[in-house]
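The values are calculated or read from the model by the stated rules, or taken from the named source; none is laboratory data. Remember, predicted model here, so these are calculated numbers, not experimental data. Don't worry about glycine lacking a Cβ; one is built from the backbone with ideal geometry, like all the others, and counts go over all protein chains shown.
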Amino acid sequence: MGSSEPAQWVLRKIDFTYLGFTTHYSCDGLRDKVRLVLLELGAREQGLNVHEGGCTATQGGPDPFPTVVGTFYALQAVPADQAGGSGGHTVAAHWRTVRVRLGDSTLGQAGQCELLEQVKERILPLFDARNVRFRTDCVPHQLTLPGAALEVDVLKPDPPANRLAQAN
């Protein structure tokens, strides 16, 4: 697994408007998807604040341009020579491979192509990420199997038990 490396929580802002032709979302539906993606990519649940922004459709209906805005904390690697200078606010973290899935089935994943592509382009840069692997078979206005896949290495905090063992 390798050794832990120092990281610190950094406040990030998100202002994400989805534009797609194949799958349409309500504002609360997009909010739930984006929240899931943020957590999968390693956003800290404490302090995660995402909500709808500028939506025009009736409650629960598809919106032509659903928008999610908010703030969250993501881990950012701290160079080892600077770890002591960050005010002691570093946490032990490891790089972990995450496969971002937006659907529960192959067909469900196929309908999420455009959203997954936009996640890669506009949400993933908010995280300290490496080894991005993205594949897409998307065709606008069509469900195309197998759809899109996004796999990436992101920093995630070590579990509390590991942190305690390292402190001793």
Handout entry: Boolean, residue 144 is more than 20 Å from the chain's Cα centre (by Cα), surrounded by 13 or more Cβ atoms within 10 Å (Cβ to Cβ) and modelled with pLDDT of 80 or more
Key = no
Problem - Complete set of residues in segment 8-35 that are aliphatic (A, V, I, L, M) and at pLDDT 95 or above - result: 10, 11, 14, 34
Handout entry: Filtered residue count, segment 1-42, keeping only those that are out of contact with any Phe, Trp or Tyr (no Cβ under 7 Å at 6 or more places or on another chain), of a type in the set (A, V, I, L, M) and closer than 24 Å to residue 82 by Cβ
Key = 2
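Just give me the residues in segment 96-119 being at pLDDT 65 or above and within 17 Å of residue 39 (Cβ to Cβ), in sequence order. Full working, then the answer.
Filtering segment 96-119 down to residues at pLDDT 65 or above leaves 96-102, 112-119.
96, 97, 98, 99, 100, 101, 102, 112, 115, 116, 119 - these are the residues of segment 96-119 that are at pLDDT 65 or above and within 17 Å of residue 39 (Cβ to Cβ).
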Handout entry: Residue list for segment 1-29, filter: surrounded by 15 or more Cβ atoms within 10 Å (Cβ to Cβ) and in contact with a helix residue (DSSP H, G or I) (Cβ under 8 Å, 6 or more places away or on another chain)
Key = 4, 5, 6, 8, 12, 14, 16, 18, 20, 22, 23, 25
Handout entry: Residues that are of a type in the set (S, T, N, Q), surrounded by fewer than 11 Cβ atoms within 10 Å (Cβ to Cβ) and within 27 Å of residue 128 (Cβ to Cβ), drawn from segment 50-84
Key = none
Handout entry: segment 31-58 residues that are free of Cβ contacts under 8 Å to residues at least 60 places away in the same chain and farther than 17 Å from residue 96 by Cα, paired with ones that are outside any helix (DSSP H, G or I) and of a type in the set (A, V, I, L, M) (beta carbon under 6 Å, 6 or more apart)
Key = 31/50; 31/68; 35/50; 50/68; 53/69
Handout entry: Any chance residue 71 is out of contact with any helix residue (DSSP H, G or I) (no Cβ under 8 Å at 6 or more places or on another chain) and modelled with pLDDT under 80
Key = no
